[in-house]
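Colleague: Below is one structure. I have some questions about it.
The values are calculated or read from the model by the stated rules, or taken from the named source; none is laboratory data. It should be emphasised that the depicted structure is a prediction, and the values quoted were computed from it without experimental measurement. As a convention, Cβ positions derive from the backbone with ideal geometry for all residues, glycine included, and neighbour counts pool all protein chains shown.
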Amino acid sequence: MSAAAQVVAHVGHRVHLCRAREVGLLLRWAGRLDGCVVLDVAGGDGYWAGAARRQGARALALDLDRGKLRRGAGLEPRVGLVAGDALALPVRTGSVDVVLSVCAIEHFDDGAAALGEMARVLRPEGRLLLSADVLSDSHEQPRERERHVARYHVKDTYDHERLRRLMEGCGLELVRYAYQFRSRWAQRLYLSVSAYGGRAGWNAAAPVAPLVAWSDRRTPNTQGSIVVIEARRRRDAPRPGAPTPG
């Protein structure tokens, strides 16, 4: 792939009002990944799977969009690119150390089923690093919320408590969480950029990301536009299809 295409991918993922900070936190929580198998579910062109590879992982990105996968085929570092459905992962049970999923679950027809698949492929004590749309105060911006939902095909939203309940049902336990775009003005900014700015808007608004981060540090970790979570598959969780006691 040309150097220009590599730059385009970098700008699209890194020069962004929220994405670099959002995934940056997930990857900091991941730490060193030497020898770990990392699966990025709905990972698009594999750019963030490539970031995991830089941390030592053997990384795969899975997505339904073959066009995105083709664009990612020449990105560096190289990762495995797999066409597949998050609701029926073509991955062996218990074969993955870390599942990464960046603001994808809200687009799935069945978020609970997707979480069940992510849990299935994780080894015991394997980790899930996931972010999701929350849109806590979006009722105050109904027009912008409607445009956001329509533009990005958002099927549902998830706060950490809802995710906790869904994950408990498939053998995962919540380890930690953090909301981003917590304050009222930051949430309004997020929805406004999303509704009216599109991809170019996210890039143009990137310079205010440090201000959003500063605001988040001063605002309780109870709500926001996005939630970032780390979860772990319980060692005692039953294998998929295994009989349950009693």
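Colleague: Across the range 3-53, what is the number of residues that are of a type outside the set (A, V, I, L, M, F, W, C) and without any contact (Cβ under 8 Å) to a residue 60 or more places away in the chain?
Modeller: 16
Colleague: If you don't mind, another one. Cβ-Cβ under 7 Å, sequence separation 6+ or interchain: first residue in the range 209-228 and farther than 17 Å from Cys103 by Cβ, partner modelled with pLDDT of 95 or more and assigned to a helix (DSSP H, G or I). Which pairs?
Modeller: Ser215/Ala186
Colleague: Which pairs have Cβ atoms under 8 Å, sit 6 or more apart or on different chains, and link a residue in the range 186-203 that is farther than 10 Å from Leu17 by Cα to one that is of a type in the set (Ser, Thr, Tyr) and modelled with pLDDT under 90?
Modeller: If the second residue must be of a type in the set (Ser, Thr, Tyr) and modelled with pLDDT under 90, no pairs are left.
Colleague: List the strands (runs of 3 or more DSSP E) inside the range 1-85, counting only whole elements, that have at least 3 residues being within 25 Å of Glu230 (Cβ to Cβ) and under 16 Å from the mean Cα position of the chain (by Cα).
Modeller: By residue number, 37-41, 58-63.
Colleague: Follow-up question, since we're still on this one. Within the range 92-107, work out how many residues are touching a residue at least 40 places away in the same chain (Cβ under 8 Å) and either surrounded by fewer than 21 Cβ atoms within 10 Å (Cβ to Cβ) or among the polar types (S, T, N, Q) (or both).
Modeller: Residues of the range 92-107 touching a residue at least 40 places away in the same chain (Cβ under 8 Å): 93-107.
Within this subset, residues satisfying the condition of being either surrounded by fewer than 21 Cβ atoms within 10 Å (Cβ to Cβ) or among the polar types (S, T, N, Q) (or both) are 93-95, 97, 101, 103, 106-107.
Count: 8.
Colleague: (1) over 24 Å from Val96 (Cβ atoms); (2) in contact with a strand residue (DSSP E or B) (Cβ under 7 Å, 6 or more places away or on another chain): which one isn't true of Glu144, the others all being true?
Modeller: (2) is the only condition that Glu144 fails.
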